[in-house]
There are 2 protein chains.
Amino acid sequence: MDKIYLITDIPEYSPQIGRLLSMMNYARFTTLQAVNSLSVDQLDFLMDPESNSIGALLLHFAAVEYVYQVYTFEKRELNEEEVSRWGAALNLGEEGRAGIRGNDLEFYLNILNEVRNRTFELFKTVNDDWLEQEEEFWNEKQANHYFMWFHVFEDEINHRGQIRIIKKRLTA
Amino acid sequence: MDKIYLITDIPEYSPQIGRLLSMMNYARFTTLQAVNSLSVDQLDFLMDPESNSIGALLLHFAAVEYVYQVYTFEKRELNEEEVSRWGAALNLGEEGRAGIRGNDLEFYLNILNEVRNRTFELFKTVNDDWLEQEEEFWNEKQANHYFMWFHVFEDEINHRGQIRIIKKRLTA
């Protein structure tokens, strides 16, 4: 925690991976701050009929991270079983509102931690060269692994901004 | 633009600065996509009485970036003249709602570009070692320059998430 404002080396990881993980750790730290002590009702709260709940957004973070673990380390898409576990959290919207509710904060934090711990292990097995590896990705353009994992935390930060908006408007 | 999904080296910059700028460029690219073709009324739209306008958030991005230029390259706080120019955009809320409105998209994009172009020039003058330099920052903890500039783009991504929420609810 004394290193939370340092984007730098992390023991056991290559230099660029240390920096990437530093940014992922800070993003997660601010997410946890934003949702600290929320009740089940607050986690389920919908700002308006189009809104995602904070709970659904938390599960979305874990789901996106899981997808990129599978995509970048196993080079495959989600299988049917995984889609049924993570689909609502990935798609959000109607599906998220219907399928993700009634869970307490610990439920979400346990899943976030479980997925993140796997990320920590997986990143020990690769290095800076792996981060540079490219393949065709969105819009027929090349993306490298660094970009894909940057996207994991930039998606979290994007939705954390939304969590802050929703939290200010909680009436539950 | 063919490199928009690559976090990698950029000519004229040191390796870590190239990666940092790659992330800043992608964040800005998605901001510009989110606000593309918005009218003055849409840029001024307030989702509710507590909301920031999209226009105010755009000016906030430029203001934050300017603050960190001054803070990290000149090692000083904003002077009085700069505070009067950027204060409303930095503070948002009441001050932003009162002071930032009636501007078209070009107004905001010109300021964003002007500030960003200065960032591009400034980063040519430093290197990876500079990014590692630490000083006491928030909560009496050390932060390095990399963190400070990471924060510039993570703040933009946070508010871009909010822009997307506001944009979906535009009635103007």
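The values are calculated or read from the model by the stated rules, or taken from the named source; none is laboratory data. These numbers come from a predicted model, not from an experiment. Here the Cβ positions follow ideal geometry from the backbone for every residue, glycine too, while neighbour counts run over all protein chains shown. Ligands, DNA and RNA are excluded from the accessible area calculation, which covers all protein heavy atoms including side chains. Shrake-Rupley method; radii C 1.70, N 1.55, O 1.52, S 1.80 Å.
The set of residues from the stretch B:83-117 being under 15 Å from B:L43 (Cα atoms), of a type in the set (K, R) and open to solvent by 90 Å² or more (accessible area, probe 1.4 Å) comprises just one member, B:R101. Once the stretch B:148-164 is narrowed to residues that are more than 11 Å from the chain's Cα centre (by Cα) and touching a residue at least 60 places away in the same chain (Cβ under 8 Å), the residue that is most open to solvent (accessible area, probe 1.4 Å) is B:R164. Across the stretch A:1-43, which residue is nearest to the other protein chains (Cβ to nearest Cβ) among those that are in contact with a Gly (Cβ under 6 Å, 6 or more places away or on another chain) and open to solvent by less than 50 Å² (accessible area, probe 1.4 Å)? So, considering only residues that are in contact with a Gly (Cβ under 6 Å, 6 or more places away or on another chain) and open to solvent by less than 50 Å² (accessible area, probe 1.4 Å), the one nearest to the other protein chains (Cβ to nearest Cβ) is A:I10.
If you filter the stretch A:121-147 down to residues that are farther than 14 Å from A:Q16 by Cα and more than 14 Å from chain B (Cβ to nearest Cβ), you find that the one that is most open to solvent (accessible area, probe 1.4 Å) is A:E121.
Once the stretch B:148-172 is narrowed to residues that are among the β-branched types (V, I, T) and touching a helix residue (DSSP H, G or I) at 6+ places or on another chain (Cβ under 8 Å), the residue that is farthest from the other protein chains (Cβ to nearest Cβ) is B:V152.
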